[in-house]
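Below you'll find the structure, written out as C-alpha cells, and then a few comments.
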Amino acid sequence: MALLQLRHLTPHSLPFTPKLRHFHFSALKFPRFSFSASASTAMAKKVLVPIANGTEPMEAVITIDVLRRSGADVTVASVEKQLPVDACHGVKIVADALVVDCTNTIFDLIALPGGMPGATNLKNCGALESVVKKQAADGRLYAAVCASPAVALGSWGLLKGLKATCYPSFMEQLTSCATAVESRVQQDGKVVTSRGPGTTMEFAVALVEQLYGKEKAHEVSGPLVMRPNHGDEYTITELNPMEWKCNNNPQILVPIADGSEEMEAVIIIDILRRAKANVVVASVGDNLEILASRKVKLVADMLLDEAAKLSYDLIVLPGGLGGAQAFANSDKLVNLLKKQMQSNKPYGAICASPALVLEPHGLLKGKKATAFPAMCNKLSDQSFIDNRVVVDGNLITSRGPGTAMEFALGIVEKFFGRQKALELAKVMLFVRQ
C-alpha cells in the first residue's frame, strides 16, 4: 500500500542544466514552517535510494528525508534478499522494496549512500549495477556519497573523465577511475558526489536543486536550520557548567515513536555509538518498528516498557511533530524524564521536543533552552533560543535536523571531552580534517 509522503504545494522550478560546479548551502531565514502533508503527487520526481547491510545510516536517512521534503517520490530499496537491513552502528532500517523489483522503473535520480561494507554490498548487486548503468546511458541523474563514488560508481566505470569526490581514505582508489577533487559536494554533468556523513545534508540539498531548481532547494533547506559555515568547528553555548558523570561508557536512552524526525534520531544514535556510548533505542508504542516523519521505517532495540527498567546517564529525545506528541503523551517516558531531572542527571531534546515535551511537563523550569524556530514561542524563557545548541547544567537542547550533529557532538563533548568530539567531527567530515 502506498504511504502518504510529505509534499509541498509550491510549484517546482528550473530544469537541470548540466554544468560542472561545487555547492555551498548556508542557513537561511524562513517563514513559519508547516508540518502539514499533502497527498498531491503531481510533478513528483522518482528517486531510488538503495541500501544494504553495512550502509551508513546517516547518509541514507538524510538523503531520503531531504528528498522527500522536496516532494520527490523516493523508493528505499534493499539490495539484500529481505526488506530489513542492518546498517552501520546497529541502526536497523526497513526498505520499501527490493532492488530486484525496481529494475523496470524509470527514475529521475539514483542516489547511493556510503558506509562499509555497505558500499561493497551495493557494488556487488548485479541488479543495481544494471539499473545505474542504464541511468547513466540514458543521461539521467545519479549520485553517491562517502565510499560509494569510488567503490561502486568508479568500479562500474561511471566516473570516467568526470570530476568526483569521496571519503578521504578512498581518494586513491577514486583517482584510478575519475578526476578526484576534495569538494564537499561535486557535480559534473549528470553526476553528483560527496564526502561523508558530515557533508550529506549539503549533498541532499544539491540533489533537490538538480531535480527541482534553486527555489525549491532554498525552500527545503531553510527549515533544516543548516550551518552557515560548513566545515568550521562547531560551538555549543553552555551555562551553569557541571560535569556529566558516568561509570565507564555512558548508558543513553533514545526513545523513538511514529512521527519522530528520522534524521535527528539516526544522527544522535549513530554519533553516540561511534563514541562508544551504550545507546538503547526504545519504541514508545506497541511495536518495535516505527514509521518516522518522512516515512522512513526504523526498528528499535526494545519497547519503552522494557527500557524503563534500566537506569540511564542521559535520556535524549529526537524531534518530529508526531514523535514529540507521542513522547508528551507517554506517562512512562515523562516520569523517566522527571526522575532524571530530580536526580540532577542529564537529559535533552531537539527540534519540537523541547517545546512539546519538556516545557509543558515542567522540565524546562529555571532552565535556558532552544527549540525548532517555529516552536520557540511555546518556551516560557526565550532568551537563548537563537543558539544552535544550549547546555544548561544537566540539560541540552537544540533546534532541528541541521543542528543535530552539533547536538550529538555536544553530548559527546560533555561525556568524553572536546578532543574526542572534534576527532569524531573530523572523521565524519563535519569539521574539516
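The values are calculated or read from the model by the stated rules, or taken from the named source; none is laboratory data. What you are looking at is a predicted structure, and each value in this text was computed from that prediction instead of being measured. In this analysis, Cβ positions are derived from the backbone assuming ideal geometry, glycine residues included, and neighbour counts consider all displayed protein chains. These accessible areas exclude ligands, DNA and RNA; they are computed on the full protein's heavy atoms, side chains included. Shrake-Rupley method; radii C 1.70, N 1.55, O 1.52, S 1.80 Å.
Summary table below
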quantity: Segment 165-210 - Debye-derived log10 I(q)/I(0), Cα point model, q = 0.17, 0.22, 0.25 Å⁻¹; calculated: -0.44, -0.72, -0.88
quantity: Neighbourhood net charge (13 Å Cβ-Cβ; Lys/Arg +1, Asp/Glu -1) for VAL280; calculated: -2
quantity: Of VAL281, ASN249, ALA217, farthest towards positive along the dipole that unit charges on Lys, Arg, Asp, Glu beta carbons give segment 211-288; calculated: ASN249
quantity: Rounded to 5, the percent of DSSP beta bridges in segment 89-233 classed as antiparallel; calculated: 30
quantity: Distant-in-sequence amide H partners of LEU303 (H built 1.01 Å from N, under 5 Å); calculated: SER283
quantity: About the Cα centre, charge dipole magnitude for segment 237-428 (Lys/Arg +1, Asp/Glu -1 at Cβ), debye; calculated: 360
quantity: Computed over segment 40-94, Kirkwood Rh from alpha-carbon pairs, angstrom; calculated: 11.7
quantity: CD proxy at 222 nm, helix term only [per DSSP H run n ≥ 4: -39500 (n - 2.57); per residue of the chain; nearest 500]; calculated: -8000 deg cm²/dmol
quantity: Share of carbon and sulfur in the accessible heavy-atom surface of the chain [1.4 Å probe, %]; calculated: 50
quantity: Coordinate range along principal axes, alpha carbons of segment 46-224, Å, largest first; calculated: 38, 35, 34
quantity: Histogram of C-alpha separations across segment 88-144, 5 Å bin width, %; calculated: 4, 16, 27, 28, 16, 7, 2, 0
quantity: Centroid-to-centroid separation of segment 375-433 and segment 208-228 [C-alpha atoms, Å]; calculated: 22
quantity: For segment 147-171 versus segment 119-138, the gap between their alpha-carbon centres in whole angstrom; calculated: 13
quantity: Relative contact order of the chain, defined on C-alpha pairs under 8 angstrom at six or more residues apart (%); calculated: 16
quantity: Longest to shortest principal axis, alpha-carbon extents of segment 149-235, angstrom; calculated: 39, 32, 16
quantity: Under 18 Å, Cα to Cα: Lys pairs in segment 46-224, sequence gap 8 or more or different chains; calculated: 17
quantity: Segment 237-428 - accessible surface per residue (Å², probe 1.4 Å); calculated: 35
quantity: Whole-Å distance, taken between Cα centres, linking segment 247-279 and segment 51-94; calculated: 17
quantity: Accessible area per residue in Å² at 1.4 Å probe, computed on segment 57-123; calculated: 30
quantity: Hits among lysines - C-alpha to C-alpha of LYS368 under 27 Å, sequence gap 8 or more where chains match; calculated: LYS29, LYS245, LYS332, LYS338, LYS339, LYS345, LYS378, LYS414, LYS420
quantity: Computed over segment 237-428, Kirkwood Rh from alpha-carbon pairs, angstrom; calculated: 16.0
